[in-house]
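Inspection log for the structure reproduced underneath, given as structure tokens.
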Amino acid sequence: MKNTSPAPRKSLVQTLELDTRLLGMLGAFILLSLGFDLLTDGRFLTPRNVFNLTIQTVSVAIMATGMVFVIVTRNIDLSVGSLLATASAVMAMTQTQILPDLLGIPLGSPWIAPLAIVAGLAAGTLIGAFQGYLIGYLTIPAFIVTLGGLLVWRNTAWYMTNGQTIGPLDATFQMFGGTNGTLGAFWSWVLAALAVVGVLVALWSARRNKMAHGFDVKPLWAELAMAGILSGAILGFVATLNAYQIPTRRLARLFEARGEVMPEGYSEAYGLPISVIVLILVAIAMTLIAQRTRFGRYVFAMGGNPDAAELSGINTRMLTVKVFALMGALAALSAVVASARLTNHSNDIGVLDELRVIAAAVIGGTALSGGIGTIRGAILGALIMQSLQSGMAMVGVDAPLQNIVVGAVLVLAVWVDILYRKRTGERL
Amino acid sequence: MSALVEMRNISLAFGGVKAVDDVSVDLNAGEVVGLLGHNGAGKSTLIKVLSGAYQADSGEIYINGEKAEITNPRDARAYNIETIYQTLALADNLDTASNLFLGRELTTATGLLDEGAMEAEARKIMARLNPNFEKFAAPVSALSGGQRQSVAIARAVYFNARILIMDEPTAALGPQETQMVAELITQLKSEGIGIFLISHDIHDVMTLCDRASVMKNGKLVGSVNVADVTDDDLLGMIILGKKPASSAA
């Protein structure tokens with residue numbers, strides 16, 4: 001590209017091509033963490049708490065990525081918490097009763113976990129698709145369909161299980177919960193190294209692609225700085241998780257279970273939880289879908305201007321079905337993580353999750369008017385919500401006050417977002 | 001030789017209101033036909049039947065003499081019918097290239113969107129239509145009326161339209177941009193494209209169109225050769241629904 005006029009001087013943020021909204025959220029998150037760390041005499045930012053915070057965030061964060069698509073298409077899904085419960089009930093019943101009793105697969109068989117998960121994902125996807133059909137084809141407002149769904153699926157779960165807590169769940173299944181399934185230090189480092197290589201390759205190929213078409217690219221130092229920041233964040237995160245040692249008594253029990261005696265002074269780190277890896281994979285996949293596939297492009301086009309999308313030949317009804325089916329599948333995936341973390345299915349699993357998920361997406365910059373939202377923002381939103389909640393619990397704030405603060409923060413965050421959009425001249 | 005487009009006895013009612021009542025119009029290759037009439041005369045509704053946005057209750061459409069089934073916008077595109085809507089039909093939150101290729105994205109071998117190729121193509125076509133256009137990274141909500149119009153036109157032109165429908169293409173534009181659209185219409189016409197031009201502006205129709213079809217209250221008043229009539233004749237048709245004595249075509 002030939003530039004006829006001299007390029008205006010760019011600020012550091014512009015040169016690095018950073019997303020200022022994301023930067024603001026990161027800043028708020030860091031301030032929040034430092035504040036809680038100060039108030040708790042350094043207990044908030046310990047490897048142990050970072051580990052716990054991470055595994056507590058996973059379930060809501062997974063659903064928040066799907067909620068971005070739902071809200072971007074100008075819809076809402078109030079049923080995700082209940083849908084999670086139904087998917088969880090399906091998986092619990094499948095692994096404790098249907099498979100062992102009806103199909104004769106013994107408890108503890110390696111087939112139990114995968115079959116149960118497939119059943120749960122299928123149930124979630126089907127329920128989501130059905131709600132999407134009611135919204136897209138029968139044109140019942142999403143608010144009403146999913147408000148009905150909130151009651152229907154919560155009580156379908158209750159009906160299926162007679163309201164009983166079902167557990168303990170299969171040992172392999174429990175590995176998706178957090179503490180019961182981690183990679184250990186060595187494999188966590190291997191994965192971190194792979195992730196760093198992945199980031200470098202992605203940045204390099206994006207730059208090469210731009211240059212191949214003759215578009216402007218940012219200066220090399222900015223590219224390197226970006227690569228450095230991202231690699232540092234990955235390695236720092238894994239180092240923190242690897243610094244959290246499995247408690248000695250728990251380790252001793254693990255050795256006992258294998259009929260061995262734990263050597264004196266033996267220690268082992270938790271490392272990356274499998275649930276967090278699931279979240280990272282979901283985040284990558286959803287970002288790819290949002291930015292690099294036709295489906296994702298149509299989701300945003302429909303949110304920006306439903307008529308334009310329709311006139312461009314996009315089947316917006318089918319698109320609605322797909323968006324809600326995807327939301328259902330993600331709610332079921334969250335059900336795997338949530339029930340595995342609790343080691344059982346309980347009647348109140350996922351209660352109020354719909355509000356946490358919507359709040360996470362909205363705090364993460366998803367506009368309820370549609371067309372605008374990012375996956376990474378929603379995940380950061382989930383992390384901020386969870387940090388706020390568990391930080392306040394650590395400080396010793398009373399439970400009702402915690403909820404009051406979380407509610408107020410949600411409203412405040414949206415107001416700040418409106419101000420931000422007015423200043424940057426973005427359409428609301 | 002048969003006409004490029006023939007719409008025969010098209011009727012469409014919304015509730016009890018007959019928006020289009022037994023209207024027949026036709027269009028030849030390399031010809032510009034103006035569609036005139038008051039707001040609510042049924043021009044846009046008629047044309048949306050051709051572009052697949054609405055389906056007629058009765059009547060038939062022939063493309064190159066063959067009966068065409070157009071039930072949605074995708075069908076219309078398959079017949080190389082492109083529409084530039086009055087409301088611009090752009091997704092405001094997406095950038096120029098995304099809007100240009102909306103519904104017909106270029107993909108890589110892996111099936112993922114080829115953003116680079118789409119932006120490169122967008123730059124090429126925009127350089128032809130609107131050389132001053134630079135805002136490729138911004139969402140189209142950040143563009144001016146004229147720039148948005150050129151994106152909408154680029155969309156129709158890029159995909160080799162044979163039949164182009166322009167619904168009030170100059171309604172939101174300044175004089176210079178209107179001139180640009182006029183030149184473009186002349187150019188497309190010389191390339192053998194048939195154009196339906198919906199307009200309020202009699203002056204536009206008199207200068208750009210070969211023929212004009214006038215509608216009133218959902219009915220066709222008549223079709224005339226523009227060269228045979230005066231501004232006042234056309235006005236009479238629009239306001240009084242009366243065909244001039246010297247009518248032809």
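The values are calculated or read from the model by the stated rules, or taken from the named source; none is laboratory data. This one's a predicted model, so the numbers in the text were calculated from it and none came from an experiment. A quick note on method: Cβ atoms are made from the backbone with ideal geometry, for glycine too, and the neighbour counts reach across all protein chains shown.
Condition test on B:ALA127, is it free of Cβ contacts under 8 Å to residues at least 12 places away in the same chain and either facing chain A (nearest Cβ under 9 Å) or within 19 Å of B:GLY52 (Cβ to Cβ) (or both)?
no
Looking at B:GLU191, B:GLU177, which is the one that is farther than 20 Å from B:ALA227 by Cα, exposed (fewer than 15 other Cβ atoms within 10 Å of the Cβ) and of a type in the set (D, E, K, R)?
Of the residues listed, the single one that is farther than 20 Å from B:ALA227 by Cα, exposed (fewer than 15 other Cβ atoms within 10 Å of the Cβ) and of a type in the set (D, E, K, R) is B:GLU191.
If we keep just the residues of region A:299-323 that are among the hydroxyl-bearing types (Ser, Thr, Tyr) and over 22 Å from the mean Cα position of the chain (by Cα), which is surrounded by the fewest Cβ atoms within 10 Å (Cβ to Cβ)? Explain how you work it out, then say what you get.
At the first step, the residues of region A:299-323 found to be among the hydroxyl-bearing types (Ser, Thr, Tyr) are A:312, A:316, A:320.
Those still in the list that are over 22 Å from the mean Cα position of the chain (by Cα) too: A:312, A:316.
Values: A:SER312: 24, A:THR316: 17.
Only one residue fits best here, namely A:THR316.
Out of B:GLU6, B:GLU31, report the one residue that is of a type outside the set (Ser, Thr, Tyr), touching a Phe, Trp or Tyr at 6+ places or on another chain (Cβ under 7 Å) and either crowded, with 16+ Cβ neighbours inside 10 Å or within 21 Å of B:LEU208 (Cα to Cα) (or both).
Working: B:GLU31 fails: touching a Phe, Trp or Tyr at 6+ places or on another chain (Cβ under 7 Å).
Just one listed residue meets the conditions, B:GLU6.
Restricting attention to region A:285-296, and to residues there that are within 18 Å of A:MET327 (Cβ to Cβ) and in a helix (DSSP H, G or I), which single residue is farthest from the other protein chains (Cβ to nearest Cβ)? Walk me through how you get there before you give the answer.
Here is the first cut: in region A:285-296, the residues within 18 Å of A:MET327 (Cβ to Cβ) are A:285-290, A:293, A:295-296.
Pick out the ones that are also in a helix (DSSP H, G or I) and you get A:285-290, A:295-296.
Values: A:ALA285: 12, A:MET286: 14, A:THR287: 12, A:LEU288: 8, A:ILE289: 10, A:ALA290: 11, A:PHE295: 10, A:GLY296: 8 Å.
Of everything passing the filter in region A:285-296, A:MET286 is farthest from the other protein chains (Cβ to nearest Cβ).
Looking only at region A:65-80, which residues are over 14 Å from the mean Cα position of the chain (by Cα) and buried (at least 24 other Cβ atoms within 10 Å of the Cβ)?
If the condition is that a residue be over 14 Å from the mean Cα position of the chain (by Cα) and buried (at least 24 other Cβ atoms within 10 Å of the Cβ), then A:VAL70, A:ILE71, A:VAL72, A:THR73, A:ASN75, A:ASP77, A:SER79 are the ones that fit.
Could you check, for region A:344-362, whether at least one of its residues is among the aliphatic types (A, V, I, L, M), crowded, with 22+ Cβ neighbours inside 10 Å and not in a helix (DSSP H, G or I)?
Yes.
Every residue, every condition in (1) part of a helix (DSSP H, G or I); (2) over 24 Å from the mean Cα position of the chain (by Cα); (3) in contact (Cβ under 8 Å) with a residue 60 or more places away in the chain, yes or no:
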| site | (1), (2), (3) |
| --- | --- |
| A:MET93 | yes, yes, yes |
| A:SER109 | no, yes, no |
| A:PRO114 | yes, no, no |
| A:LEU121 | yes, no, yes |
| A:ALA129 | yes, no, yes |
| A:TYR133 | yes, yes, yes |
| A:LEU138 | no, yes, no |
| A:GLY177 | no, no, yes |
| A:TRP187 | yes, no, yes |
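Output yes when any residue across region A:247-261 is hydrophobic (A, V, I, L, M, F, W, C) and under 25 Å from the mean Cα position of the chain (by Cα), and no when none is. Let's see the steps before the verdict.
Taking region A:247-261 and keeping what is hydrophobic (A, V, I, L, M, F, W, C), we get A:251-252, A:254-255, A:257, A:261.
Keeping just the survivors that are under 25 Å from the mean Cα position of the chain (by Cα) gives none.
No: region A:247-261 contains no residue that is hydrophobic (A, V, I, L, M, F, W, C) and under 25 Å from the mean Cα position of the chain (by Cα).
Looking at region B:130-168 only, could you name the residues that are surrounded by fewer than 19 Cβ atoms within 10 Å (Cβ to Cβ), more than 13 Å from chain A (Cβ to nearest Cβ) and assigned to a helix (DSSP H, G or I)?
Result: B:GLY145, single match.
Taking the residues in region B:62-84 that are within 21 Å of B:ILE195 (Cβ to Cβ) and part of a loop (DSSP other than H, G, I, E, B) as candidates, determine which candidate is farthest from the other protein chains (Cβ to nearest Cβ).
The extreme case among them is B:GLY65.
For B:ALA97, work out the one condition from (1) part of a loop (DSSP other than H, G, I, E, B); (2) more than 16 Å from B:LEU164 (Cα to Cα); (3) touching a helix residue (DSSP H, G or I) at 6+ places or on another chain (Cβ under 9 Å) it doesn't fulfil.
(1)
Take A:THR139 and decide whether it is of a type in the set (Val, Ile, Thr), in contact with a Lys or Arg (Cβ under 9 Å, 6 or more places away or on another chain) and in the same structural domain as A:VAL351 (by TED's automatic domain parsing).
yes
Being closer than 28 Å to A:LYS422 by Cα and within 9 Å of chain A (Cβ to nearest Cβ) is the filter; apply it to region B:99-118 and report the residue that is surrounded by the most Cβ atoms within 10 Å (Cβ to Cβ).
Among them, the one singled out is B:ASN99.
If I go through region A:304-319 residue by residue, how many of them are among the β-branched types (Val, Ile, Thr) and within 7 Å of chain B (Cβ to nearest Cβ)?
Looking only at that region, the number is 1.
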